[in-house]
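All remarks here apply to the structure that follows.
The values are calculated or read from the model by the stated rules, or taken from the named source; none is laboratory data. The shown structure was predicted, so the numbers you read here are calculated from the model rather than taken from an experiment. Don't worry about glycine lacking a Cβ; one is built from the backbone with ideal geometry, like all the others, and counts go over all protein chains shown.
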Amino acid sequence: MRVAIVGAGISGLALAYYLQKLGIPYDLFEASEHVGGNIKTMQESGYLLELGPNALQYTPELETLVRELKLEQEVVPTAKAGHHRYVLRNGNYEKLPDSPFSLLSNGIFSWKTKLRILQEKDVPPADIDYETITQFFERRFGPGVIEYAVNPFISGVYGGDPSRLLVHKALPLLKEMENRYGSVLKGLLKHPVSQFGYENISFVKGMQTLPNAIAEKLISLHTGLPVEMITRNQGKYIISCSATGDYDTEEYTMLVLALPAQPAAELLHYTFPGMAAALQNIHYPPMSVVHTVYHRRDVNHVLDGFGALHPKAECPFAAGAVWSSSLFDGRCRPHEVLFTSFVGGAQYEAHALTDKEKLMECVHQELKETHGITADKPVFQHMYFMEHSIPQYDLYIEDAHHMAEQLEQEGLFIAANWQAGVSVSSCIRHAKELAHKINLKRPAPSIAE
Ligand SMILES: Cc1cc2nc3c(=O)[nH]c(=O)nc-3n(C[C@H](O)[C@H](O)[C@H](O)COP(=O)(O)OP(=O)(O)OC[C@H]3O[C@@H](n4cnc5c(N)ncnc54)[C@H](O)[C@@H]3O)c2cc1C
């Protein structure tokens, strides 16, 4: 038995790592010369810039992986202030509540909304087909939480629109709490916060540390090899890469696509056209990540938090910004501050497509207004554009999920953020589970062996 894995983002890398641990032969093909996919750290002009994820949830799987890779000394938890998040309201930033006590003293919600939030435990559970996140929160916590909490949170984390994302797909844990305990609040009380609110971490030299460390351990990783065609012969998969003819002849019992939906669709066009069509329906909105540096003395805001979220109701330009230099040391010089702004996502697609110079100027002007910045120009600015950013767990993803499940009978598996959940920690957890599932399908050794 040999497994072909296409794509060495965190999903493909983690899967290859766990298969290798189980002694299952595999080949991992990556189009780029570099591994990590969305996880990209760049060093420029003395700054450490994250072009993808900024912080990872330190889940038990990630902690174990970090230990096995001997990366413990490289891990940096977010600074204490990172527990706070700010939200834009009437042009100013206000702290979002991070505990039941701060919920009551907080000025973001009216007293009517606060009371309604506390009554959530008395709202009977309901199973509603295709319920969106907005509908779920309105039903359980009342309409007052949508504009200034749910909307900016979903935009900041998923680049998504809560009125389109399905709650059981995008926030399965909350739906599970409703089903299990009859209430989200009761569910949160039953489970210690540590179990769900994992600490956020990065690495001294940035996120790229993790994929690079996994890649170093792999014995069958082939970078710079874009897979161009997948065919089947007597139930076996044949992988074709024109960069080298070598893999044309290799046959694989199982195929794992660790790819975004679009390139996966292209590869399945001839073998599984129905699945290819379903994959084309998954929406990835465009997004630009903008890094902006100022001299500390020119910024009036204390920046004591993870960053700021921007609700749609405020008509912002960026969906929000991470205060990178408040979270981790070594991102810029000590007398400077570094902002990582996200422009785009499902609610602000047109903004992401703005001309580069204009986009960077709009980000600077918005940072200036919202953070009390006195400088006319940033010390440094950099923009990275993604045509396809984060897959949206909306109605259009349902078919692909359903078909992916069925194709497992054919030896075709998925390890990718459009199936596993979008966070890096979800991708790692899913890859580990998939490695064990594949292991169970391993033929029993014959007596002669
Ligand atoms: C801007 C942004 C910010 C984010 N922030 C966070 C965060 O703070 N925390 C968090 O947990 N998550 C965050 N995420 C989500 C997370 O980064 C992704 O969900 C995750 O990295 C996806 O990994 P993947 O391996 O599934 O896919 P990808 O990273 O997309 O990897 C797919 C790989 O397949 C390769 N490939 C494509 N076509 C072929 C081919 N034909 N042949 C061979 N190889 C091919 C690609 O080169 C790529 O390396 C963020 C995402 C974005 C875009």
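For the structure I just gave you, tell me whether LEU309 is within 13 Å of the ligand (Cβ to nearest atom) and either modelled with pLDDT of 95 or more or assigned by TED's automatic domain parsing to the domain that holds LEU28 (or both).
no
Take segment 227-244 and flag every residue that is hydrophobic (A, V, I, L, M, F, W, C) and within 13 Å of the ligand (Cβ to nearest atom).
VAL227, MET229, ILE230, ILE239, CYS241, ALA243
Residue-by-condition table, conditions (1) in a strand (DSSP E or B); (2) modelled with pLDDT under 95:
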{"residue": "ASP246", "(1), (2)": "no, yes"}
{"residue": "LEU255", "(1), (2)": "yes, no"}
{"residue": "GLU266", "(1), (2)": "no, no"}
{"residue": "ALA276", "(1), (2)": "no, no"}
{"residue": "LEU279", "(1), (2)": "no, no"}
{"residue": "PRO285", "(1), (2)": "no, no"}
{"residue": "VAL290", "(1), (2)": "yes, no"}
{"residue": "ARG297", "(1), (2)": "no, no"}
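Report whether or not GLU131 is modelled with pLDDT of 95 or more and surrounded by fewer than 20 Cβ atoms within 10 Å (Cβ to Cβ).
Spelling it out, GLU131 is indeed modelled with pLDDT of 95 or more and surrounded by fewer than 20 Cβ atoms within 10 Å (Cβ to Cβ).
If GLN392 satisfies all but one of (1) away from the ligand (no atom under 16 Å from the Cβ); (2) crowded, with 19+ Cβ neighbours inside 10 Å, what's the number of the condition it fails?
For GLN392, the exception is condition (1).
Could you please tell me which pairs satisfy a Cβ distance under 6 Å, a separation of 6+ or placement on different chains, a first residue in segment 59-72 that is in contact (Cβ under 8 Å) with a residue 40 or more places away in the chain, and a second residue that is buried (at least 17 other Cβ atoms within 10 Å of the Cβ) and of a type in the set (Gly, Ala, Ser)?
THR59/SER425; LEU62/SER425; LEU69/ALA213; LEU71/ALA213
Go through ALA420, ALA431 for me and flag whichever is in the same structural domain as GLY12 (by TED's automatic domain parsing), surrounded by 15 or more Cβ atoms within 10 Å (Cβ to Cβ) and more than 30 Å from VAL290 (Cβ to Cβ).
From the options ALA420, ALA431, the qualifying one is ALA431.
Looking at segment 167-200, which of the residues that are modelled with pLDDT under 95 and of a type in the set (Val, Ile, Thr) is surrounded by the fewest Cβ atoms within 10 Å (Cβ to Cβ)?
VAL193
I need the full set of residues from segment 307-334 which are on the phi > 0 side of the Ramachandran plot and within 21 Å of the chain's Cα centre (by Cα), in order please.
Within segment 307-334, GLY307, GLY320 qualify.
Give all pairs with beta carbons closer than 9 Å in which a residue from segment 148-161 that is assigned by TED's automatic domain parsing to the domain that holds VAL424 meets a residue that is within 10 Å of the ligand (Cβ to nearest atom) and not in a helix (DSSP H, G or I); count only pairs at least 6 apart in sequence or on separate chains.
none
Step by step: first the residues of segment 13-29, then only those that are part of a strand (DSSP E or B) and either within 26 Å of CYS332 (Cβ to Cβ) or of a type outside the set (Ser, Thr, Tyr) (or both), then the one that is farthest from the ligand (Cβ to nearest atom). Which residue is that?
Among those residues, the one meeting the criterion is ASP27.
With the condition being within 16 Å of the ligand (Cβ to nearest atom), I'd like the helices (runs of 4 or more DSSP H) fully within segment 30-126 carrying at least 1 qualifying residues.
Fully inside segment 30-126 and qualifying: 60-68.
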